[in-house]
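Only one structure is covered here, and it is reproduced in the block below.
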Amino acid sequence: MKSGLLMAVSVCLALSVGAAAAQQRGASAFLTRPTDDNAPTFNAVQCANHADCTAVLQRAIDDLQSARHQGVLWIPEGSYRLSGTVTVWTGIRLMGFGQHRPVFELADNTSGFTGDKPHPLFHFAHERPKPGLPVQDGTSDTFYSAFENLDITVGSGNPAASGIRFHVAQHGILAHLSITLKSGHSALQDVGNVAFDVHLKGGDFGIDTGKTAPGWPFMLMDSEIDGQHVAGIRTREAGMTLERVTIAQTPVAIAIPEGQVDQLFLSNSLFRNISDSGIQTGNVKNAWSQISAQNLGCVGVKRLFPDLGDVPGYRRSEMKSGTFVVDRLRLGVAVGADGGNTGVHLAIASHIGTFAMLVTDVVGLPAVNDWVSVRALGASGDGLHDDTEALQTAIDGHRVLFFPAGRYRLTGTLHLRSDTVLVGSQPFTTQIVLADNTPAFSGTGSMIPMVEAPRGGSNVLSGIGISAGAFNPRAAGVLWQAGPRSLLEDVKFFGGRGTLSADGKPLQVYPATAGVDPSDVSKGWGTQFPSLLVRGGGGVFRGIWSASGFAKAGLTIEDTAVPGRIYGFSCEHHMRNEVQLHSISGWRIEALQTEEETEQGRDAISLEARDAKDVIFANLFQYRVSRSVGPADHATEIGQNASLEFANVHVFAGGRYAFDNSMLDLRTGVRTRVRDFASMGTVTPLVKPVAFSAWRGAKLQVLASGFQDVTGVIAEADGNVLFTDAVAHRLLRWERATRLVKELDVPAGFRPVVAVSSERGFVTVLGADNRLLELAPDGAARDVATAAIPSDARLRLPAGGHSNLAAVVTVQNASRGFNLGRDAGWLPSPKDMRPLLYASQFATLLPGQTQLQALEDGARIVRLSADGAHVPFAEIGGTSLAAGAFGESYLAGEQLLVLDREGRQVGTVAVPERPTAVTAGGDGTLYVGARSTLYSLPVEAH
């Protein structure tokens, strides 16, 4: 940068701190607390005179859990000394109130916080264990937890201290808080869901986190991280999404550790006085590494990131330093105009000029003194009495209404005024509900919303759950027509899988629906209107969870040019569509996640966009659960007149069945096989790809078709090919002599998943119930029992499939296994058999040798040794790998990819559908399994 070209930086940090009367940093968002008999106030008498408050606070949390399972514990203004970890159980929210925020203090040199291992002051855990059992960390089922309007200070001499461990799932909230560390590991450790108005000062890290508990993106907004010794944020696979965040006075703003990846997105944010690097980029050549930014200001930044070496698009001489603005950054896999993978690229546009830190677009809640309790106005909230008239009368007569914990039953629509504000404290304990077969919502006809916000309104709906029941086919949860200065926040749409009773236990609300065909509308599945229908409206939508399988869609946005912003939205378990965009423009959608369940969402489209213009998606996660029983074609469906931009897309699964394609362009019929990418530009119609060059003159030949998921392909010594159809649970053999497929008989009740070995006429196959079956040459079948694996045994290990490296190592380290006999070795039998069931092929690893291991989860190929050591081979993922006769390897990935001896891609063989398994025959012929078809591929030497 030339001297004298300094940037004038205008930073306007008007952060959203909740109450209208509290709009500066550190101010209390709740000057008083609302009246709610089910939400106790912490009795601080025993903490007087700066006495140790740890046990007293823990007892108050435990008492709330015992009495109500979930809910809010209000903490009055004051200073509270702690000497150990306070455990907060799932669904409990700690919320402070008073003229000043309550402060929890850890004194200098406190025992337990002086070691090397991070030790949290507050640990947000899962369910409270029975006496004598250990505390379980937060899981993917740890919902509704929060820490709001509270501060933490940590004294000197506490190097292991972390302010909060927050490994939680949906509706976890960190808000209106400051954490100041004179010493310590991190202010926040292992975060989850949503955080805003957070100020983190000091320590080694402001945030140190790995993957969130459910694996969804983490959304951080309107916050400051300052003065850390190592890095403002250290992150691995957290889907770190930052909007209006300042990171200052630290060597590194954001560090992705060496060899690790993240899906990092920054928008309208600022790096200030960074002495080393703005972003340490981790393993940028891995497909799961996605780093994107828009409008990122840099003031006093030594360099944006370290040397990227030979990454295409990187030119060290052109990288700015000092003071500059990054207008647009994309670092990761780029998708081409034909929907194909063009490899890892850096695309960056920056300039020297003025950077303006945007004012928050999130409206705050009115002061608590303005809240009027609906209980005081006649609503019962007992789930039995009809509260419709009392609530509508309250809305007509009061602008701001507070809903204490309870179930408020409706028999008709609540019509909001243009300025109505509805507030609850926790969306599980406070719900607006319909009983099944409510007359106004039954039968056929047009949509009847439970709550309707008028066009152009400045409405707020916060902290309340919406439950439309199962058998109310005309119901929609919320019809939102409000304007750009409106807010829908911390709202859960209930129904179907995951519904809990008031005590937090799984509730079989609709037992008649269990285990049925989701297409059977007589059971209620997919019969209701969308849970959240935004029609002609906009505003901000933050921390929403829409998960009712009884609705046609979780979120539908239609017929609107009103600006809309989504910050953290979980949309799951819908029969037909998760998210629909129809005739909209000017929306930003950050940290959207979808999930498809075994029954609820088996055939659903994750995202449908038609006539959607000027819409940007950032950190879009599209997931299918491990219980999914079959493949699905595509996650996103793009229709006519769509103009979309994607920054960081992650399409993945807990098992073998992620979406086969990330996108289908209905305009051209082109499918995008690439599941993970940082950049796709503005999507205009995808062009049909050019034909791939044949690799060494090879052409695919169809051997057999008509299957659902060909996997476990084994080339047998006699030229036959053994394989399984993992969906139909069939064990099959293609016979060279007849060129026909024969199904092998297995005992009744045995459901084949993947063929393991074929040696000297003996076949072994793994079944869905973790049984290993052996078939003798004469067809006799026997179950193979497990035994202790000898120390010198050769192991039969997954050589490819949906696994990550940790899972493969766990399999390799199992002490017991199945003796396959002959030359096949031992198949380990770990406690968790899923890495074996998710495998697409197996190979025998001999002592002293190595084998290549293809990992779909993590997008890597590693070279694995018999002693458990492993070294990277290629940063590309797939489900199966075959060695060629000339040192090359063939990977079943987006297509059949050809790798050289160094792991570099040197060729591609197009396969009409996603390949799942590949193996080499004795004559050099490759056999390729795809979803429906078994192929052969003769490969000649050149």
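The values are calculated or read from the model by the stated rules, or taken from the named source; none is laboratory data. These numbers were taken from a predicted model, which means no experiment stands behind them. Quick reminder, even Gly has a Cβ in these numbers, built from the backbone with ideal geometry, and neighbours come from all protein chains shown. When the accessible area is computed, the model is the full protein with side chains, heavy atoms only, and any ligands, DNA or RNA have been set aside. Shrake-Rupley method; radii C 1.70, N 1.55, O 1.52, S 1.80 Å.
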Check: Which sequence of H50, H398 reflects their accessible areas, 1.4 Å probe, from the largest down?
Finding: H50, H398
Notebook entry, point to check: Once label points are set 7 Å from the Cα along Cα→Cβ at both Q640 and K699, what is their separation, rounded to one decimal in nm?
Noted result: 3.9
Next item on the list: Extending each Cα 7 Å along its Cβ direction at D62 and H229, get the distance between those two points in nm, one decimal.
Entry: 3.4
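Hey, with R₀ at 22 Å, roughly what FRET efficiency would Q905 and A347 work out to, going by the Cβ-Cβ distance, to 0.05?
Calculated value: 0.60.
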Notebook entry, point to check: Nearest 10 degrees, 0 to 90: what angle lies between the long axis of helix 388-397 and the longest principal axis of the chain (Cα atoms)?
Noted result: 50
Notebook entry, point to check: For the chain, with the dipole built from +1 on Lys and Arg beta-carbon atoms and -1 on Asp and Glu ones, taken about the Cα centre, which of V906, L934, H574 lies farthest toward the positive end?
Noted result: V906
Checklist line | Contour excess over end-to-end distance, with Cα ends at D559 and Q392 and 0.36 nm allotted per residue | finding: 57.4 nm
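What order do V372, V753 take when sorted by accessible area (1.4 Å probe), most exposed first?
So, going from the largest accessible area down, we get V372, V753.
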Note to self: Nearest 5 percent is fine: what portion of the DSSP beta bridges confined to the chain is antiparallel?
What the structure shows: 35
Check: Once the Cβ-Cβ distance between T411 and D137 is put in as r, and R0 is 51 Å, what FRET efficiency do you end up with, to the nearest 0.05?
Finding: 0.75
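In whole percent, and with a 1.4 Å probe on the protein chains, what portion of the accessible area of segment 755-882 is carbon and sulfur?
On segment 755-882, the fraction of accessible area on carbon and sulfur atoms equals 49 percent.
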Notebook entry, point to check: Which whole-number value in Å² is the accessible area per residue of the chain, probe 1.4 Å?
Noted result: 34
Next item on the list: With semi-axes √(5λ) of the Cα gyration tensor in Å in mind, check (i) 47, 32, 29; (ii) 74, 34, 26; (iii) 40, 36, 34 and report the label derived from this structure.
Entry: (i)
Checklist line | Assigned charges on the beta-carbon of Lys, Arg, Asp, Glu; segment 358-451 dipole about Cα centre (debye) | finding: 80
Margin query: If you average the C-alpha positions of segment 106-165 and of segment 734-812 separately, how far apart do those two centres end up, in angstrom?
Written below: 45
Next item on the list: Report the one residue of L410, L94, G239 whose Cα lies farthest in the direction of the positive end of the charge dipole of the chain (charges on C-beta: Lys and Arg +1, Asp and Glu -1; origin at the Cα centre).
Entry: G239
Next item on the list: Could you please state, rounded to a whole Å, how far the C-alpha centre of segment 376-390 is from the C-alpha centre of segment 273-323?
Entry: 56
Notebook entry, point to check: Hey, quick one: spin label on A869, modelled 7 Å out along Cα-Cβ, who in segment 814-842 has an amide N within reach, i.e. under 18 Å?
Noted result: none
Item checked: Check: segment 37-216 dipole with +1 on Lys, Arg Cβ and -1 on Asp, Glu Cβ, in debye -> 120
Checklist line | In nm, spacing of pseudo-spin labels at D718 and D923 (7 Å Cα→C-beta vector) | finding: 1.6
Notebook entry, point to check: Can you give the charge dipole size of the chain about its Cα centre, rounded to the nearest 20 debye, using +1 on the beta carbon of Lys and Arg and -1 on the beta carbon of Asp and Glu?
Noted result: 780
Next item on the list: Please give the helix 54-68 orientation as an angle from the longest Cα principal axis of the chain, in degrees from 0 to 90, rounded to the nearest 10.
Entry: 80
Check: On full extension of the chain, what length is gained from R399 through D778, given 0.36 nm per residue of separation minus the C-alpha to C-alpha distance?
Finding: 128.4 nm
Next item on the list: First measure r as the distance between the Cβ atoms of K742 and T786, then evaluate 1/(1 + (r/R0)^6) with R0 = 35 Å and state the FRET efficiency to the nearest 0.05.
Entry: 0.70
Notebook entry, point to check: What's the longest piece of the chain with no exposed GluC sites (Glu not before Pro), counting a site as exposed if DSSP puts it in a loop and it has at most 11 other beta carbons within 10 Å?
Noted result: 259-901
Next item on the list: With a 1.4 Å probe and every protein chain kept in, tell me what percent of the accessible surface of segment 37-216 is carbon plus sulfur.
Entry: 49
Margin query: Which one, A453, V45, Q851, is farthest towards the positive end of the dipole of the chain when Lys and Arg carry +1 and Asp and Glu -1 on their Cβ?
Written below: Q851
